[in-house]
Amino acid sequence: MESGDIRVRTTTRTCTPTADRREAVRDVDQEQGDDAGGGGEAELPRDELPDFETYAAVRWPRLLRTAYLLTNGDHHEAEDLVQVTLAKIYLRWSHIRTLDAPDQYVRRALINNNTTRQRKRRVVQLLTPHLPEQRSPMGDAGRPDSYDTRSELFAALATLPPRQRAIVVLRYWECLSEQQTAHLLGCSVGTVKSQASRALKKLRSSSALSEYAATMTHGE
């Protein structure tokens, strides 16, 4: 799949958003960027939500970045996770576009799908004598991925339970608040705090990540 050529397979059709649609929503993001309180993309309000194809095209990089971290740097697995999530979102788009915070719904769906996939995979692994080799994060093309991450980080994230991994990704890469993270994961703020603390403590136990993990606690 070429970068920027986003196809979401659904039960009824294949979506190939146009450049005009992607540009239209980028304009909305840019207009709201100064008021978004940070360098991330602005959350799209309900009254400015575009059609599904445009939404999928513009949000693809953001969703893929989150999925990439959730899947331990496996680019193929991340793409598949986003594709599956968007296919499910498409089937409920008429409802989702009426929500007050559609972006939060989509992000939560991505995380829930990843957790479900990991649980199913764990059952298979328990029943399989030999685990399959992990695919290289470099991808089949052999080109480096464009994310500012390190191999040590992926290895460390892989040691965290799914809930802790999701909290770390949302809090320190998506830059969500504790309240937003708790809302997305359906847990209390106290749970977010305690799980984040445990996750960071585990990350700090890695000598390769000790300095990196320390920088993530800045502003806690």
So, by mean Cβ neighbours within 10 angstrom, what's the order for 174-181, 102-109 with the highest one leading?
102-109, 174-181
Mean Cβ neighbour count within 10 Å, used as a protection proxy, ranking 66-72, 165-171 highest first
165-171, 66-72
Cβ-based net charge around Gly186, under 13 Å, with every Lys or Arg adding one and every Asp or Glu removing one
+3
Which ³J(HN,Hα) values in Hz, rounded to whole numbers, follow from the phi angles of the range 179-185 under the Karplus curve 6.51 cos²θ - 1.76 cosθ + 1.60, where θ = phi - 60° and Gly and Pro get x?
5, 5, 5, 4, 5, 5, 8
Mind ordering 87-95, 191-199, 49-57 by average Cβ neighbours within 10 Å, highest first?
49-57, 191-199, 87-95
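Values in this text are rule-based calculations from the coordinates and carry no lab data. Keep in mind that what you see is a predicted model, and the values were worked out from it rather than measured. As a convention, Cβ positions derive from the backbone with ideal geometry for all residues, glycine included, and neighbour counts pool all protein chains shown.
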